[in-house]
Amino acid sequence: MPTYGRLPITFEKGEGVWLWDQQNKRYLDALSGIAVCNLGHAHPAIHDAICQQSKKLLHTSNLYGIAAQEKLAKLLIEKSGMDNVFFGNSGAEANEAAIKIARLYGHQQGVEKPCIIVMEKSFHGRTLATLSATGNAKIQDGFSPLVEGFIHIPYNDIGALTKTIEQNNNVVAVFVEPVQGEGGVNIPAPDYLNNIRELCDKHKLLMMLDEIQTGIGRTGKFLAYQHNDITPDVCTIAKALGNGVPIGACLAKGKAASVLTAGKHGSTFGGNPLACSAAVAVLETLAADDIIEQAEAKGSQLCNILSEKLKDSPAVSNIRNKGLMIGIDLDRPCLALVEIAQQKGLLINVTAERTIRLLPPLIINAQQINLLAETLSDIILEFTTS
Ligand SMILES: Cc1ncc(COP(=O)(O)O)c(C=O)c1O
C-alpha cells in the first residue's frame, strides 16, 4: 500500500556507518534507519548472535520458558533500575502495553474512566491507541473515533501539567518522551522529568516515559531519564534494542510492575529467541565497547563543527543536541534537503517541516563526524543562499 513517501533509492548492503545502493554508490548514514542501527550496519556481533540462535531455535511460544528472553530481561532490569518487562515487536506495541498498564492501574485505584496526560507534538505510534495519544492532528486525521482517555497539554510546561492534574480526578498517568523526536528534536528544561516525577508521586500517578527513540544510548545514557537521576514507573523501548531485528519492550517498576497479570496481555512473537538473542548481543556490545559513554562527546563534536561552519548563516536559527540526537532549525521549510543530501551521498531526515534531524550510528568515529558536519553545512549554506 502506498503508505510511505519513499525516496527513489534502494540499498544493497551496509557496513558500519556506510550504506551502498544498487548502483554501488556509497552513503554516510546519519539517520540509522530512524534511530535503529545504533551499532551501525552489518555489525559482526549481531550477525553472529542471529546466526548462532537460528541454528538452534527461532521461535517456540510464550507458553514455555525462553532462555534468551530471561537473559535479556535480566540485562534490561539491571541497566534500567526497573523491576520487570513485557516484550513485543515494535514501539507502538510497547506503548500499547504502557497504556493498558495505566488503565488497569486506574481501575485498581477506583477511577472509572482513567485518563492519561500526553503532550502536544508527541509521537507514540500508529496503532489506534498510540495515534490517539500522539499530539499531531495530521497523524490522527481520518481515523475518528479516536481512542478516548488522553488529555493533550503543551510539552515542557510544568504549569500546564500541574493545572491539568489538579483539575481532573480521572488522571492516572503522565506519558511523555524525554526528548521529542518526530515533533522536532524538542529538548525540555533540564529538570522537566524531575518535576514530572515529583508531581506523579504527589498525586499517585504513573510516570510513563516513551524512550523508543531516546533509549539504548542515543542521548549518552542507556535511557535518557538516567540524566535526571530518577526512575519512571513505566518505560517503553524498541528501535535500537535489536539494531534492526524487530523487538519492543515495556519496562515497569513498583506498583506498575504488578498490574499486568496472567491473561491480561500477550504477543505471539514478542520476546522470541531470535529477537532476544540479537538484543542481548546489542546490549553486550554497547557495554563492552563503552559506546554509550562516548555519545555525548561525539554529539558535542558534531554540533561544534556545525555551529562554527554555520555561525554566519541567518537562515540557521538553532542547533541543539542531546548526545547523538541532533536538531538543526532553519528559518524555512527544508524537506528538499533530504534529496539534495542524498545526491551528495549523505542520508539525513527533516522533521516538523523546518528541523533537520540527525541520528547517526553511535559507532560513528571522529573522521566520519567531520565528514558529516562538513558535507551537511555546505549543503545547508548552498540551499539557504541560492
Ligand atoms: C517516540 C516514539 N514512540 C513510538 C514510536 C513508534 O514505534 P514503531 O514505529 O516501532 O511502532 C516511534 C517511532 O518513530 C517513536 O519515535
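The values are calculated or read from the model by the stated rules, or taken from the named source; none is laboratory data. Because the structure is predicted, anything quoted here is derived from the model rather than measured. Backbone-built Cβ (ideal geometry, glycine too); neighbour counts: all protein chains shown. In case anyone asks, the SASA skips ligands and DNA or RNA and just uses the protein heavy atoms, side chains included. Shrake-Rupley method; radii C 1.70, N 1.55, O 1.52, S 1.80 Å.
Below are the figures for this structure:
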{"item": "Prolate/oblate/rounded call for segment 10-57, Cα gyration tensor, a/c under 1.5 rounded", "result": "prolate"}
{"item": "Segments 46-56, 188-198 sorted - mean Cβ within 10 Å per residue, highest first", "result": "188-198, 46-56"}
{"item": "Kirkwood Rh (inverse of mean 1/r, distinct Cα pairs), segment 59-151, angstrom", "result": "15.2 Å"}
{"item": "Fluctuation leader among I292, I153, I247 - the chain, Gaussian network, Cα springs under 10 angstrom", "result": "I153"}
{"item": "Hits among lysines - C-alpha to C-alpha of K344 under 23 Å, sequence gap 8 or more where chains match", "result": "K13, K25, K298, K309, K311"}
{"item": "Label-point separation in nm, D312 to K138, each point 7 Å along Cα→Cβ", "result": "3.4 nm"}
{"item": "Å² of accessible area per residue within the chain, as computed with a 1.4 Å probe and no ligands counted", "result": "45 Å²"}
{"item": "Stretch gain in nm, segment E353-H59, where the contour uses 0.36 nm per residue and the Cα spacing is subtracted", "result": "101.7 nm"}
{"item": "Most to least packed among 364-372, 173-181 [average Cβ atoms within 10 Å]", "result": "173-181, 364-372"}
{"item": "Carbon + sulfur, % of accessible area of the chain - ligands and nucleic acids excluded, 1.4 Å", "result": "51 percent"}
{"item": "Order by protection proxy (mean Cβ within 10 Å, highest first), peptides 224-231, 309-316", "result": "224-231, 309-316"}
{"item": "Segment 135-196-segment 58-111 distance, computed between alpha-carbon centres (Å)", "result": "22 Å"}
{"item": "FRET efficiency, H47 to L335 (Cβ-Cβ, R0 30 Å, nearest 0.05)", "result": "0.30"}
{"item": "R0 of 35 Å, Cβ-Cβ distance L381-E12: FRET efficiency to nearest 0.05", "result": "0.65"}
{"item": "Cα gyration tensor category, rounded, prolate or oblate, for segment 284-379 with a/c compared to 1.5", "result": "prolate"}
{"item": "Area accessible to solvent at F86, 1.4 Å probe radius, in Å²", "result": "50 Å²"}
{"item": "For the chain, calculated [θ]222 nm from helices alone, where every DSSP H run of n ≥ 4 adds -39500 (n - 2.57)", "result": "-11500 deg cm²/dmol"}
{"item": "Unit charges on C-beta of K, R, D, E only; dipole of segment 202-319, Debye", "result": "520 debye"}
{"item": "Vicinal HN-Hα couplings computed from phi for segment 281-289 (Karplus, 6.51 cos²θ - 1.76 cosθ + 1.60; Hz; Gly/Pro x)", "result": "5, 4, 5, 5, 5, 4, 6, 4, 9"}
{"item": "Ellipsoid semi-axes in whole angstrom, largest first, where each is sqrt(5λ) of the Cα gyration tensor of the chain", "result": "33, 27, 19"}
{"item": "Global form of segment 226-317, assessed from the alpha-carbon gyration tensor, a/c cut-off 1.5", "result": "prolate"}
